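What follows is a set of notes on a single structure, which appears directly below.
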Amino acid sequence: MTKHDERAFRLLIGTVAATVLVIVIGIALTLVHESWLSIRQFGLAFWTTRTWDPVAGQFGALPFIWGTLYSSLLALLLSTPVAIGIAIFLAELSPRLLRQPLVFLTELLAAIPSIVYGLWGIFVLVPVVRRLEVATPDWLRHVPLFSGPPLGVGMLAAGLVLAVMVTPFSAAVAREILKAVPTSQREAAYALGATRWEAIRLALYYGRTGIIGAVMLGLGRALGETMAVTMVIGNNPQVSASLFAPQYTMAAVIANELAEAALDLHNHALVEIGLVLFILTIVVNALSRLLLWRVSDKVVSAPLAAAPAAAAA
């Protein structure tokens with residue numbers, strides 16, 4: 001390859017890589033342009049206002065921001081231990097005969113369409129959640145976290161559906177991270193007299209950067225989920241700490257109301273919610289990247305003897 005061909009190749013690859021930046025900037029500019037009427041009328045108050053009344057022309061995104069973050073973090077809290085447990089079993093403990101079928105089933109869960117999860121949530125999960133809410137003791141209902149009518153649809157059902165949906169993504173990535181940990185690390189732990197659990201802890205220590213990334217991948221998946229959440233969350237624009245209360249998410253309100261928005265202001269407000277979701281997604285991913293960098297720096301700068309010490313602790 002001549003120098004001219006090499007420069008042309010670099011220019012081509014650089015152009016292809018730059019399209020990612022162009023697409024992101026284009027999406028942001030389109031969202032700003034299509035929501036400018038709402039941005040000009042409500043300003044930053046759009047982020048903090050609780051009222052959503054298309055008839056009166058009053059729009060605020062706070063209930064939807066709250067519902068999106070609440071459901072996503074709840075799903076992350078429920079799914080992370082399960083996903084890491086699945087990854088540990090598949091990478092470290094599973095018999096060879098069961099490993100491939102379980103890997104296939106895990107990947108199959110990730111491939112199921114969200115509308116199917118929503119149907120499963122309506123016909124199976126919502127009745128189970130309703131029975132759980134009915135069985136909640138009266139004294140516990142006075143706690144804000146468990147107050148509200150036993151409807152079945154609400155934040156708890158949405159969090160459970162999201163947890164099931166994001167678990168296979170986090171588990172698959174975490175499994176590959178554990179498999180990538182050098183075998184010599186485990187052998188060194190065994191040579192020092194470590195138990196199997198201590199060797200697994202060592203693998204988790206060395207793979208913690210990638211495991212955090214797997215969890216953040218699940219969080220990104222939960223933030224933008226639409227149909228399954230729409231079908232089970234109750235779609236009520238309110239800010240409530242209750243797991244039983246029907247609430248709303250940003251993706252759900254866009255899916256429900258965009259086709260029926262008759263007023264320009266209503267349409268622009270819905271697009272601005274999409275802009276808010278876009279910004280939140282960027283912020284969450286940026287924070288997760290900073291977290292990964294900090295963890296990576298600590299792992300690189302830590303003495304090599306710290307890992308066996310951590311495993312034997």
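How many percent of the accessible area of the chain is carbon or sulfur, using a 1.4 Å probe?
Values: 11980 of 16890 Å².
On the chain, the fraction of accessible area on carbon and sulfur atoms equals 71 percent.
Using a 1.4 angstrom probe, figure out how much accessible area the chain has per residue, in square angstrom, rounded to the nearest whole. Write down the numbers at each step before the final one.
Details: 16890 Å² over 313 residues.
Heavy-atom SASA per residue in the chain reads 54 Å².
How high is the relative contact order of the chain? Use alpha-carbon pairs under 8 Å, at least six apart in sequence, and give a whole percent.
Details: 408 pairs, mean separation 85.1, N = 313.
So the answer I get is 27 percent.
Note the full-extension length gain between Leu29 and Thr195 as 0.36 nm times their separation in residues minus their Cα-Cα distance, in nm to one decimal. Don't jump to the answer; show the numbers that get you there.
Working: separation 166, 0.36 × 166 = 59.76 nm, distance 5.56 nm.
Gain in length upon complete extension: 54.2 nm.
Match the structure shown to one of the listed values (1) 161; (2) 214; (3) 129 of volume of the Cα convex hull per residue in Å³, computed from it, and give that label.
Matching entry in (1) 161; (2) 214; (3) 129: (2).
Hey, what's the per residue convex hull volume over the C-alpha atoms of segment 189-293, in cubic angstrom?
Working: hull volume 14.7 nm³, N = 105.
Per-residue hull volume (Cα only) is 140 Å³.
Rank these residues by their accessible area, most exposed first, probe 1.4 Å: Glu272, Glu198, Glu107.
Values: Glu272 10, Glu198 40, Glu107 105 Å².
Largest accessible area first, the residues go Glu107, Glu198, Glu272.
Output the peptides 110-116, 217-223 sorted from most to least packed, where packing is the average of other Cβ atoms within 10 Å over each peptide's residues. Please list the in-between numbers first.
On the way: 110-116: 12.4, 217-223: 22.0.
Taking the mean over residues of other Cβ atoms within 10 Å, the ranking is 217-223, 110-116.
Could you rank Phe244, Phe89, Phe169, Phe9 by how accessible they are, 1.4 Å probe, largest area first?
Values: Phe244 5, Phe89 80, Phe169 55, Phe9 115 Å².
In descending accessible area the options line up as Phe9, Phe89, Phe169, Phe244.
Search the structure for amide H atoms under 5 Å from the amide H of Gln58, placed 1.01 Å from N in the peptide plane, and list their residues when 5 or more places away or on another chain.
Asp53
With each label point set 7 Å from Cα along the Cα-Cβ vector, what nm distance links Asp138 and Asp5?
It is 8.5 nm.
Given N residues in segment 67-176, what is its alpha carbon radius of gyration divided by 2.2 N^0.38 Å?
Numbers: Rg = 16.2 Å, N = 110, 2.2 N^0.38 = 13.1 Å.
Dividing the Cα radius of gyration by 2.2 N^0.38 Å gives 1.24.
Quote the FRET efficiency, to the nearest 0.05, computed for Arg40 versus Ala18 with a Förster distance R0 of 41 Å and r equal to the Cβ-Cβ distance. List each step's numbers first, then the result.
On the way: r = 31 Å, r/R0 = 0.77.
Calculated value: 0.85.
Only helical DSSP H runs with n ≥ 4 go in: add -39500 (n - 2.57) per run for the chain, normalise by residue count and round the 222 nm mean residue ellipticity to 500 deg cm²/dmol. Show your work: numbers first, answer last.
On the way: 16 runs with 227 residues, N = 313.
Calculated at 222 nm, the ellipticity per residue is -23500 deg cm²/dmol.
Report the far tail of the P(r) of segment 181-223, meaning the percent of Cα-Cα pairs longer than 14 Å.
Details: 488 of 903 pairs.
Summing the P(r) tail past 14 Å for segment 181-223 gives 54 percent.
The values are calculated or read from the model by the stated rules, or taken from the named source; none is laboratory data. What you see is a predicted model, and the numbers here were worked out from it, not measured in a lab. Note that we place each Cβ from the backbone using ideal geometry, even for glycine, and neighbour counts take in every protein chain shown. What goes into the accessible areas is simple: the full protein's heavy atoms, side chains included, and nothing from ligands, DNA or RNA. Shrake-Rupley method; radii C 1.70, N 1.55, O 1.52, S 1.80 Å.
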